[in-house]
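The values are calculated or read from the model by the stated rules, or taken from the named source; none is laboratory data. Remember, predicted model here, so these are calculated numbers, not experimental data. For neighbour counting, all protein chains shown are included, and Cβ atoms are generated from backbone atoms with ideal geometry for every residue, glycine included.
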């Protein structure tokens, strides 16, 4: 795993703790190609951040700031090590993503929001993607013209009715990337 492009392009990234699946380099490259001119100077939120690869890629490509949120201490340590390796600075929060959204995400605070939550493996597991898609507080925190990028399991549960507007989606193997905006 490495940073694909930008000022830190080519630098390696540490993998998150066992059991987590980081977004593949080629998928990250495709996402950032789709985002294009939205990345420079963007204020970024990386939820369920894992290794921090998405937010660090954004910083490498010129984003002005980033906040990484993950409730796993080992992931936050991995993100901090990856930030040092990339030579960039950002905020990290060890807490539940929904708690962060509800308590700390301000009105129109973020231009880009990335979320790569755990996939539901059993019927009783939480569908975090669906839960994020219906979050009014997450919608409120997205700036006008901003984009919310969600990675979900391909062929997962149907998309719920959402306050976000679906711009497009693209499937990569077992994952699907959804791009949403404010209506």
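Comparison of 58, 130, 81, 74 shows that the only residue that is assigned to a helix (DSSP H, G or I) and touching a residue at least 60 places away in the same chain (Cβ under 8 Å) is 81.
Quick one: count up the residues across the range 50-85 that are touching a helix residue (DSSP H, G or I) at 6+ places or on another chain (Cβ under 7 Å), within 16 Å of residue 5 (Cβ to Cβ) and surrounded by fewer than 24 Cβ atoms within 10 Å (Cβ to Cβ). Adding up the residues that qualify gives 2. Selection within the range 155-171: residues that are modelled with pLDDT under 90 and surrounded by 15 or more Cβ atoms within 10 Å (Cβ to Cβ). The member of this set that is farthest from residue 28 (Cα to Cα) is 159. Checking 151, 89, 176 one by one, the residue that is in a loop (DSSP other than H, G, I, E, B) and under 23 Å from residue 4 (Cβ atoms) is 89 and no other.
Within the range 92-118, being out of contact with any strand residue (DSSP E or B) (no Cβ under 8 Å at 6 or more places or on another chain) and either touching a residue at least 24 places away in the same chain (Cβ under 8 Å) or not in a helix (DSSP H, G or I) (or both) holds for 96, 98, 102, 106, 107, 118. Of the residues examined, residue 117 is one that is touching a helix residue (DSSP H, G or I) at 6+ places or on another chain (Cβ under 6 Å) and at pLDDT below 95. Picking from 29, 63, which residue would you name as being closer than 23 Å to residue 135 by Cβ and free of Cβ contacts under 8 Å to residues at least 60 places away in the same chain? After applying the criteria, what remains is 63. When you look at residue 26, is it assigned to a helix (DSSP H, G or I), over 15 Å from the mean Cα position of the chain (by Cα) and under 22 Å from residue 174 (Cα atoms), yes or no? Here the answer is yes, as residue 26 does meet what is asked. When the range 142-155 is filtered for residues that are closer than 24 Å to residue 99 by Cβ and more than 14 Å from the chain's Cα centre (by Cα), the ones remaining, listed by number, are 143, 153.
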